[in-house]
Amino acid sequence: MTPSATAPAARRALVTGASTGIGAATVRLLRAHGWDVVATARRTERLEALASETGCQWVGADLQDQDDVDRLAARVLDGGRLDAVVNNAGGALGTDPVAHGKVQEWLTMYERNALAALRVSQAFLPTLREHGGDLLFLTSTAAHDTYPGGGGYVAAKHAERVIATTLRQELVGEPVRVIEIAPGMVATEEFSLNRFHGDRARADAVYAGVEAPLVAEDVAECVAWTLERPAHVNIDSLVVRPRAQATNTLVARH
Ligand SMILES: NC(=O)c1ccc[n+]([C@@H]2O[C@H](COP(=O)([O-])OP(=O)(O)OC[C@H]3O[C@@H](n4cnc5c(N)ncnc54)[C@H](OP(=O)(O)O)[C@@H]3O)[C@@H](O)[C@H]2O)c1
């Protein structure tokens, strides 16, 4: 290297749903890999703590609100070029069978998983198309197959996956990679607790007797790995489950 050569600029990523779980683990890992990262979620005190810990930037936003997404995009792009968007915000509500599913919960899940990713992707597509970059969707094995009681979440995650698969076709030939990561069971702090509306016993039962469910850091490794492949390599879809899980419903417990 000649004395005048400069190190390449760090790549810069936006991670949604960064206040906890997979999103927070992804921020930590990308920062450890030398990325500049903007973290977003609604709970700003958690983002502030993550920023002190990792040196990431943060912007508070409710991704179900278009004005918030527009403000987020303006703030992020004001800070420089963006190389990757990690659409991770989401979550499940309830396990009612279709016959009794609460329409409002289905709507909220569609907003949180599908439309949030749509809004964020639309906001950053112009810059990604112009300069090149990656759009990553954290879907789920619920985006690939259904299970009894999963209807509303499965429908929302299928919709999110379809945004990714459609975009990949619409953008072919352009310098944008569209990546899907579809995890099975991941024991995060809040996912099941939110699904069961704060019922700790029901949330804990999801992971009871399962030897080593995935943890947030396992999925963060997948995110970093896919983003760090050479630019011509597009990992279309990566399904990742714990060894103890074969399908959405077939889980070994002891
Ligand atoms: N855990 C699993 O078993 C599992 C398996 C497969 C796929 N996934 C998917 O992977 C992603 C992350 O999972 P996780 O377990 O880490 O979830 P989590 O712990 O429930 O965290 C969800 C994140 O989404 C954010 N969020 C939710 N609604 C939002 C909104 N309206 N606006 C902005 N942010 C919002 C939350 O932040 P605030 O509340 O602070 O806004 C939080 O940071 C989700 O898309 C989930 O569906 C999870």
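The values are calculated or read from the model by the stated rules, or taken from the named source; none is laboratory data. The structure displayed is predicted, hence computed values, not measured ones. Positions of Cβ are backbone-derived with ideal geometry, glycine not excepted, and every protein chain shown enters the neighbour counts. The area values use the complete protein model at the heavy-atom level, side chains included, leaving out ligands, DNA and RNA. Shrake-Rupley method; radii C 1.70, N 1.55, O 1.52, S 1.80 Å.
Here region 208-253 exposes an accessible surface that is 56 percent carbon and sulfur, computed with a 1.4 Å probe and the other protein chains kept in place. Percent of C-alpha pairs per 10 Å bin in the chain, short distances first: 7, 31, 37, 19, 5, 1, 0.
With the largest listed first and rounded to whole Å, the semi-axes of the equivalent ellipsoid of region 1-95 from the Cα gyration tensor are 27, 15, 11.
Note on region 61-122: Cα-only Rg and Dmax are 14.4, 49 Å.
If you take all other residues with their beta carbon under 12 Å from the beta carbon of Arg161, and give Lys and Arg +1 and Asp and Glu -1, the sum is -2.
From most to least packed by mean Cβ count within 10 Å, the peptides 85-98, 14-27 give 14-27, 85-98. Taking label positions 7 Å along the Cα-Cβ direction at both Tyr207 and Arg81, the computed distance is 4.0 nm, reported to one decimal.
With the charge dipole of the chain set up from +1 on Lys and Arg Cβ and -1 on Asp and Glu Cβ about the Cα centre, the Cα lying farthest toward the positive end among the listed residues Ala61, Tyr207, Phe196 is that of Tyr207.
Our coupling estimate for region 244-254, obtained by passing each phi through the Karplus curve with A = 6.51, B = -1.76, C = 1.60 and θ = phi - 60°, is 6, 10, 9, 9, 4, 10, 9, 10, 7, 10, 9 Hz, Gly and Pro reported as x.
Compute, for region 164-254, the length of the dipole vector about the Cα centre, with Cβ point charges of +1 (Lys, Arg) and -1 (Asp, Glu) only. Units Debye, rounded to 20.
Details: 9 positive and 13 negative charges, 62 e Å.
The calculated dipole for region 164-254 is roughly 300 debye.
Each distinct pair of alpha carbons in region 187-228 adds a 1/r term; the inverse of their mean, the Kirkwood radius, is 11.5 Å.
When the convex hull of the C-alpha atoms of region 136-254 is computed, what volume per residue in Å³ does it have?
Numbers: hull volume 12.3 nm³, N = 119.
It comes to 104 Å³ per residue, whole-number rounded.
Per residue, how large is the accessible surface of the chain? Use a 1.4 angstrom probe and give square angstrom. If you can, show how the numbers build up before the last one.
Numbers: 12070 Å² over 254 residues.
Counting only protein heavy atoms, the per-residue value for the chain is 48 Å².
Placing a pseudo-label 7 Å from each Cα along the Cα-to-Cβ vector at Glu53 and Val98 gives an inter-label distance of 4.0 nm. The charge dipole of the chain, taken about its Cα centre with unit charges on the Cβ atoms of Lys, Arg (+1), Asp and Glu (-1) only, comes to about 260 debye. Multiplying each eigenvalue of the alpha-carbon gyration tensor of region 141-207 by 5 and taking the square root yields semi-axes of 30, 13, 9 Å, largest first, rounded to whole angstroms.
Backbone geometry of region 89-98 corresponds, through the Karplus equation with coefficients 6.51, -1.76 and 1.60 at θ = phi - 60°, to 3J(HN,Hα) couplings of 4, x, x, 10, 9, x, 9, 5, x, 3 Hz, x marking Gly and Pro.
With respect to the chain, whose longest principal axis is taken over its alpha-carbon atoms, helix 216-227 is tilted by about 40°.
Could you look at region 1-87 and say what percent of its accessible area is carbon and sulfur, using a 1.4 Å probe and all protein chains?
Working: 2040 of 4160 Å².
Whole-percent figure for carbon plus sulfur exposure: 49.
Projected onto its three principal axes, the C-alpha set of region 49-188 covers 48, 39, 28 Å, listed from the longest axis down.
Of all the options Ala41, Ala155, Ala244, the one that moves most in a Gaussian network model of the chain with Cα springs shorter than 10 angstrom is Ala244.
Taking 0.36 nm per intervening residue step and subtracting the Cα-Cα distance, what contour gain separates Gln122 from Asp67 on full extension? Mind showing how you got there, number by number?
Details: separation 55, 0.36 × 55 = 19.80 nm, distance 1.31 nm.
This chain segment gains 18.5 nm when fully extended.
Beta bridges from DSSP with both residues in the chain: antiparallel share about 5 percent, rounded to the nearest 5. One decimal place: the segment Asp145-His131 gains 1.5 nm when fully extended, by the rule 0.36 nm per residue minus the C-alpha distance. Amide H to amide H, with H built 1.01 Å from N, Arg11 comes under 5 Å of Asp36, counting only residues 5 or more places away or on other chains.
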